[in-house]
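Novice: I am attaching a structure below and will ask some questions about it afterwards.
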Amino acid sequence: VPNAVAATGGGGIRLLANSDNTFVNVGNVSLVNNAGNAIEVQRDSATTVIRSGNGQGITRAASGAAIAIDEGAPKFTYDGSITNARAPGSTDPSYLLSVEAVLASGEITLLSPPGNPFTDTGDGIFIADLAAGAKVKVVGANIASSGANGILVGRSAGEVEFRRMNITGASTAGVALLQSEAGLDAKFQQLSINLVSPTATGFLAATTTGA
């Protein structure tokens with residue numbers, strides 16, 4: 001899509017159950033306070049690239065997630081800006097990125113613009129049940145989580161990579177790797193964790209069977 005895709009409220013962008021021979025390329029995106037998830041990918045196997053370009057990117061104070069990916073084996077890339085927060089007065093989770101049950105050939109990549117990292121004051125990054133061979137990569141984020149964790153990876157055997165991450169908020173852990181399977185490959189580069197909560201652990205790996 002060479003022009004602009006803009007949505008304020010409503011459902012944002014949804015990609016549902018596309019096959020692996022489907023290619024989606026969307027540019028100049030402005031998604032503002034979409035209901036639920038700004039970008040939702042469910043049971044999908046398409047190759048998708050979404051760029052904010054000359055648009056506003058994703059700006060939201062709402063429950064759900066800026067980007068939510070559930071099941072399937074998508075090749076998904078988001079290249080652009082994200083500002084994510086909880087809805088005012090709400091205790092419902094609000095994630096910068098939520099990934100669940102992605103299959104072995106799935107690859108999820110989020111790239112922030114140079115000098116303009118993603119900003120999250122919601123519940124950070126949540127990844128669960130990532131299959132062996134699946135990959136998630138996030139580059140550039142300032143996470144001041146108002147929830148339990150800045151980054152949570154649970155019950156996963158795939159590969160996760162985080163670069164240029166600055167975590168300054170969380171009540172349980174800045175990074176938590178929990179109940180993950182043998183073979184989990186967690187990579188960090190330029191990771192900074194500085195938490196003020198007296199109950200928080202900076203980096204937590206627990207009941208993880210991988211080396």
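Novice: Just to be sure before I move on: is Thr109 open to solvent by 40 Å² or more (accessible area, probe 1.4 Å), modelled with pLDDT of 95 or more and within 24 Å of Ser63 (Cα to Cα) in the structure I sent?
Specialist: no
Novice: From the list Thr83, Thr8, exactly one residue is open to solvent by 40 Å² or more (accessible area, probe 1.4 Å) and closer than 20 Å to Phe162 by Cβ. Which is it?
Specialist: Thr83
Novice: Across the range 57-80, what is the total count of residues that are open to solvent by 50 Å² or more (accessible area, probe 1.4 Å), touching a Ser or Thr at 6+ places or on another chain (Cβ under 9 Å) and not β-branched (Val, Ile, Thr)?
Specialist: Residues that pass the stated criteria total 3.
Novice: Criterion first (open to solvent by 50 Å² or more (accessible area, probe 1.4 Å), within 19 Å of the chain's Cα centre (by Cα) and free of Cβ contacts under 8 Å to residues at least 60 places away in the same chain) does Gln179 satisfy it?
Specialist: So Gln179 does not fit the description; no.
Novice: State yes or no: is Gly150 assigned to a strand (DSSP E or B) and at positive phi?
Specialist: Judged against the criteria, Gly150 is not a match.
Novice: Residues in the range 114-121: is at least one on the phi > 0 side of the Ramachandran plot and touching a residue at least 12 places away in the same chain (Cβ under 8 Å)?
Specialist: No, the range 114-121 has no match at all.
Novice: Which residues, taken from the range 25-81, are closer than 20 Å to Ala128 by Cβ and acidic (Asp, Glu)?
Specialist: Selection gives Glu40, Asp44, Asp70, Glu71.
Novice: Cβ contacts < 6 Å: first residue farther than 7 Å from Gly122 by Cα, restricted to the range 79-98; second residue open to solvent by 60 Å² or more (accessible area, probe 1.4 Å) and assigned to a loop (DSSP other than H, G, I, E, B), any location; separation 6+ or different chain. Result?
Specialist: Qualifying pairs under 6 Å: Ser81/Asn116.
Novice: Considering every residue within the range 150-162, establish whether at least one is polar (S, T, N, Q) and open to solvent by 40 Å² or more (accessible area, probe 1.4 Å).
Specialist: The answer is no, given that none of the residues of the range 150-162 is polar (S, T, N, Q) and open to solvent by 40 Å² or more (accessible area, probe 1.4 Å).
Novice: Scanning for something under 11 Å from the mean Cα position of the chain (by Cα) and outside any strand (DSSP E or B), does the range 124-140 turn up at least one residue?
Specialist: Yes, there is a match, as at least one residue in the range 124-140 is under 11 Å from the mean Cα position of the chain (by Cα) and outside any strand (DSSP E or B).
Novice: Further question on the same structure: Please list, ordered by first then second residue, the pairs with beta carbon atoms under 7 Å, 6 or more apart or interchain, first in the range 14-26 and in a loop (DSSP other than H, G, I, E, B) and of a type in the set (Val, Ile, Thr), second at pLDDT 95 or above and open to solvent by less than 100 Å² (accessible area, probe 1.4 Å).
Specialist: Pairs that qualify, where the first residue is in a loop (DSSP other than H, G, I, E, B) and of a type in the set (Val, Ile, Thr) and the partner is at pLDDT 95 or above and open to solvent by less than 100 Å² (accessible area, probe 1.4 Å), are Thr22/Ala46.
Novice: Among the residues of the range 27-56, count how many are open to solvent by less than 40 Å² (accessible area, probe 1.4 Å), in a strand (DSSP E or B) and of a type outside the set (Ser, Thr, Tyr).
Specialist: The number of residues fulfilling the criteria is 9.
Novice: Looking at the range 112-123 only, could you name the residues that are open to solvent by 10 Å² or more (accessible area, probe 1.4 Å) and in a loop (DSSP other than H, G, I, E, B)?
Specialist: Ser112, Pro113, Pro114, Gly115, Asn116, Pro117, Thr121, Asp123 - these are the residues of the range 112-123 that are open to solvent by 10 Å² or more (accessible area, probe 1.4 Å) and in a loop (DSSP other than H, G, I, E, B).
Novice: (1) touching a Leu at 6+ places or on another chain (Cβ under 6 Å); (2) at pLDDT below 95: which one isn't true of Ala73, the others all being true?
Specialist: Result: Ala73 passes all but (2).
Novice: Can you name every residue in the range 57-99 that is aliphatic (A, V, I, L, M) and part of a strand (DSSP E or B)?
Specialist: Ile58, Ala61, Ala65, Ala66, Ile67, Ala68, Ile69, Ile82, Ala85, Leu96, Leu97, Val99
The values are calculated or read from the model by the stated rules, or taken from the named source; none is laboratory data. The structure presented is a predicted model; accordingly, all values stated were derived computationally and were not measured. Note that each Cβ is placed from the backbone with ideal geometry, even for glycine, and that neighbours are counted across all protein chains shown. With ligands, DNA and RNA removed, areas are computed over all heavy atoms of the protein, side chains included. Shrake-Rupley method; radii C 1.70, N 1.55, O 1.52, S 1.80 Å.
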